[in-house]
Amino acid sequence: MATDAQNTANQANAQHSTGPRTEEGKATSSRNALKHGLTARTTLMPDEDAEVYACFIAGMLDSLGPLNAAETALVEEMADVQWRLRRASRFEARILSAESPDMKALNNMSLHAARLKRQYSATFKEFQQLHRANRKHREEQMKQAELIQQADWALQRPSTLAENGFDFTVQEVTRSLMLQQAVEKAKKVISRYAQANRWAKPTPPQKAA
């Protein structure tokens, strides 16, 4: 066990060892931390385009359609992991194209890439579970909002959606109601067609020869 004198000396030494102090030293330390970029605290490397990264994030958000801030954070996390995996592929190609490939570096990179893939899978699963729950809740809210909106129309009063706690706009609720009406109308058209054509299903019209 360390003595009081040794503990005092260790604390004094720790105070003198506070990392790089000069700008050059800080820059060198930062480059070392970003050497392979897979465990970097900053998302972008110096040679990466911020605009391309922003477009990549936007594409992920558009594809997965998060419903709230919590889901958006998960999608952004997945996009960040995917970006780093793409970076890993570039590093792998760079290592293998060298005259004397650094197999240790290649192995380290592979381990980090595997960890990132596990992280992506876990985050994606979490997103799916949250998204399903939120979507179900939102669908239930929409049904209630549709009833409120139709009551507003029947009473010829301004929309009371907001004061009843809904964040849907009148336009969103109207579109949902119109879609339901269109679906019901389509079902009736198909039913009448089937009855008139021995229950055959409608087919695309034949093009003229």
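Nothing in this text is a laboratory measurement; each read-out follows from the coordinates by a stated rule. Here the structure is a predicted model, which is why all the values come from computation and not from measurement. Here Cβ is always computed from backbone atoms with ideal geometry, including for glycine, and neighbour counts include all displayed protein chains.
Extending 7 Å from Cα along the Cβ direction at Glu76 and again at Glu51 yields two label points whose distance is 2.2 nm.
The calculated Kirkwood hydrodynamic radius for region 44-134 is 14.6 Å, given to one decimal from all distinct C-alpha pairs. Here the spin labels are modelled as points 7 Å beyond Cα on the Cα-Cβ line, and at Leu177 and Leu111 they lie 6.2 nm apart. Between region 46-124 and region 138-204, the alpha-carbon centres lie 42 Å apart. The mean of 1/r over all pairs of different alpha-carbon atoms in region 62-209, once inverted, gives a Kirkwood hydrodynamic radius of 20.9 Å. Would you work out which of His131, Val81, Gln119 lies farthest towards the positive end of the dipole of region 44-134, given +1 charges on the beta-carbon of Lys and Arg and -1 on that of Asp and Glu, about the Cα centre? About the Cα centre, the residue reaching furthest to the positive side is Gln119.
With viscosity set to 0.890 mPa s at 25 °C, what whole-number translational diffusion coefficient in µm²/s follows for region 146-194 from Stokes-Einstein and a Kirkwood radius over Cα pairs? Rounded to a whole number, D works out at 201 µm²/s.
I need the GluC sites (Glu not before Pro) found in region 71-150, filtered to DSSP loop residues with at most 11 other beta carbons within 10 Å of theirs.
On the way: sites: Glu71, Glu76, Glu77, Glu92, Glu99, Glu126, Glu139, Glu140, Glu146; in loops: Glu99.
Answer by residue number: Glu99.
As a proxy for reagent exposure, Tyr53, Tyr120 were ordered by neighbouring Cβ count within 10 angstrom, fewest first; the result is Tyr53, Tyr120. Simple spin-label estimate for Lys201 and Leu85 gives 3.5 nm between the two label positions (7 Å along the Cα-to-Cβ direction from each Cα).
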